[in-house]
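Below is one structure, written out as structure tokens; the observations come after it.
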Amino acid sequence: MKTFLMTVLLMIAPAIQAAVHKTHWGMVDGKSVDLYTISSPVLSISVTNFGAHIVSIEAPDKNGVRADVVLGFKDLNGYQKDTKTYMGSVVGRYGNRIAKGTFAIDGNVYHVPANDHGQALHGGTIGFDRKVWSATVIPSGVELTLISPDGDMSFPGTLTAHVRYTLESSSLRIEYTATTDKPTVVNLTNHSYFNLAGKNSGTVLDQQLMLNADRYTPIDAVLIPTGELALVGGTPFDFRQSHPIGERIQARDEQLKLAGGYDHNFVLNGEGLRLAAKAFDPRSGRSLTVTTTEPGVQFYSGNFLDGSVLDGDGRPYEEYAGFCLETQHFPDSPNEAKFPTTILRPEQKLHSITIFAFGVQK
Ligand code: GLA
């Protein structure tokens, strides 16, 4: 009888859908901005169609106590005011950096407005994080759509991008698709800052991280990859075994100095949907496992948070208050022929998956 019941339960389990609840958040450019809360018995996630931001992820600790494990703001105004942290947003059309904002496709040269020390960062001055996306509720989640016109931030081609956030038990699945009507470059990622002890609980320096990467892409003084795929062995970039984020962050290392900590793209081992990273907070017991189809992940330790950006309750987000694991194609790929290509052509469809799975370890 017991076995029979278990079998029935397992059969109906995939059919259990997460609930989706929509509330109005405000207006931007005459368009409605809403907050979508997606809840399973284990996790509750809220996202908004302004910049496709993840606003909160409520996850239980080892005692079942929930906390919001991503940095963010309480209201739409907070997201509109903050133009430098990209907290929780989907960055595009080209997430991360393009050297001098300049690249060529098929001999045609394009110039994206430079917004970061002479380089284009996260799609230029008005990236996808600033746009109102349209939204459709789907089973266990929400699908956001953005049509970026030909010439948007000087990128060629009309790009139709979809981001689907769905929740299955304790995993958030993010699925990106995109098509274009002219050859263009695309790199889409989510820019959430995680703090597994809960936002505003101090720094993440004691939280442990494992990265499934034998190599990373060293950077120059303006954080553009040099083109080298350097081995991590024997350096503070070796996270193949788990290490506390802060253990080697002050090490005498030229690469750490250039970025003021970690702000580097790691070259993920393997292909297809596979393990990218695991993070663990020994205090709360919360863990995060990241899997992705992307070739790289930008591990950013929140070095540029300097207390000047406040959360909704007026508390400052200080240096190292959260870490980002931005699954992505490598920075400046449009200018590095050796890197996996970010060119999307009209006959192709971009399809990319990243899963953030939350758990507890005692
Ligand atoms: C990315 C970049 C960082 C920084 C943040 C936003 O992670 O790699 O250098 O610009 O975005 O502050």
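Among the criteria (1) surrounded by fewer than 21 Cβ atoms within 10 Å (Cβ to Cβ); (2) assigned to a loop (DSSP other than H, G, I, E, B), the one Thr289 does not fulfil is (2).
State which residue is farthest from Leu209 (Cα to Cα) when the search covers only the stretch 153-197 and only residues that are assigned to a strand (DSSP E or B) and within 16 Å of the ligand (Cβ to nearest atom).
Step one: list which residues in the stretch 153-197 are assigned to a strand (DSSP E or B), which gives 159-168, 171-180, 184-185, 187, 189-190, 193-194.
With within 16 Å of the ligand (Cβ to nearest atom) added as a condition, the list becomes 187, 189-190, 193-194.
Values: Asn187: 24, Thr189: 20, Asn190: 18, Tyr193: 14, Phe194: 12 Å.
Of everything passing the filter in the stretch 153-197, Asn187 is farthest from Leu209 (Cα to Cα).
One line per residue, one yes/no per condition, for (1) within 21 Å of Val360 (Cα to Cα); (2) more than 16 Å from the ligand (Cβ to nearest atom):
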{"position": "Arg215", "(1), (2)": "no, yes"}
{"position": "Glu247", "(1), (2)": "no, yes"}
{"position": "Asp263", "(1), (2)": "no, no"}
{"position": "Val267", "(1), (2)": "no, no"}
{"position": "Leu273", "(1), (2)": "no, yes"}
{"position": "Phe280", "(1), (2)": "yes, yes"}
{"position": "Arg283", "(1), (2)": "yes, yes"}
{"position": "Asn303", "(1), (2)": "no, no"}
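Ala120: among the hydrophobic types (A, V, I, L, M, F, W, C), within 16 Å of the ligand (Cβ to nearest atom) and either outside any loop (DSSP other than H, G, I, E, B) or in contact with a Cys (Cβ under 6 Å, 6 or more places away or on another chain) (or both), yes or no? So Ala120 fits the description; yes.
Would you confirm, using the coordinates I've provided, whether Pro346 is at pLDDT 95 or above, farther than 22 Å from Ala197 by Cα and touching a His at 6+ places or on another chain (Cβ under 9 Å)?
Numbers: at pLDDT 95 or above: yes; farther than 22 Å from Ala197 by Cα: yes; touching a His at 6+ places or on another chain (Cβ under 9 Å): no.
Answer is no for this residue.
If I filter the stretch 292-301 down to residues being more than 10 Å from the ligand (Cβ to nearest atom) and assigned to a loop (DSSP other than H, G, I, E, B), which single residue comes out as surrounded by the most Cβ atoms within 10 Å (Cβ to Cβ)? Spell out how you get there, then give the answer.
Pass one, the stretch 292-301, residues more than 10 Å from the ligand (Cβ to nearest atom): 292-297.
Applying the additional criterion that residues be assigned to a loop (DSSP other than H, G, I, E, B) yields 293-295.
Details: Thr293: 18, Glu294: 21, Pro295: 18.
Result: Glu294.
Within the stretch 211-265, which residues are among the aliphatic types (A, V, I, L, M), surrounded by 18 or more Cβ atoms within 10 Å (Cβ to Cβ) and under 24 Å from Thr291 (Cβ atoms)? If the condition is that a residue be among the aliphatic types (A, V, I, L, M), surrounded by 18 or more Cβ atoms within 10 Å (Cβ to Cβ) and under 24 Å from Thr291 (Cβ atoms), then Leu211, Ala213, Val232, Ile245 are the ones that fit. Look at the stretch 341-362: where a residue is touching a residue at least 24 places away in the same chain (Cβ under 8 Å) and a partner is among the basic types (Lys, Arg) and open to solvent by 30 Å² or more (accessible area, probe 1.4 Å), sitting 6+ places away or on another chain with Cβ atoms under 8 Å, you get Pro346/Lys182; Ile353/Arg173; Thr354/Arg173; Ile355/Arg173; Val360/Lys62; Gln361/Lys62; Lys362/Lys62.
Listed conditions (1) open to solvent by 20 Å² or more (accessible area, probe 1.4 Å); (2) more than 29 Å from Lys62 (Cβ to Cβ) are all met by Gln208, apart from (2). Restricting to the stretch 100-117, what's the tally of residues that are within 11 Å of the ligand (Cβ to nearest atom), open to solvent by 50 Å² or more (accessible area, probe 1.4 Å) and touching a strand residue (DSSP E or B) at 6+ places or on another chain (Cβ under 9 Å)? Residues in the stretch 100-117 being within 11 Å of the ligand (Cβ to nearest atom), open to solvent by 50 Å² or more (accessible area, probe 1.4 Å) and touching a strand residue (DSSP E or B) at 6+ places or on another chain (Cβ under 9 Å): 1 in total.
The values are calculated or read from the model by the stated rules, or taken from the named source; none is laboratory data. Quick caveat, the model's predicted, so the values are computed rather than measured. Neighbour counts are summed over all protein chains in view; Cβ atoms, including those assigned to glycine, are modelled from backbone coordinates with ideal geometry. The protein model used for the area step is the full one, side chains on, heavy atoms only, and it has no ligands, DNA or RNA in it. Shrake-Rupley method; radii C 1.70, N 1.55, O 1.52, S 1.80 Å.
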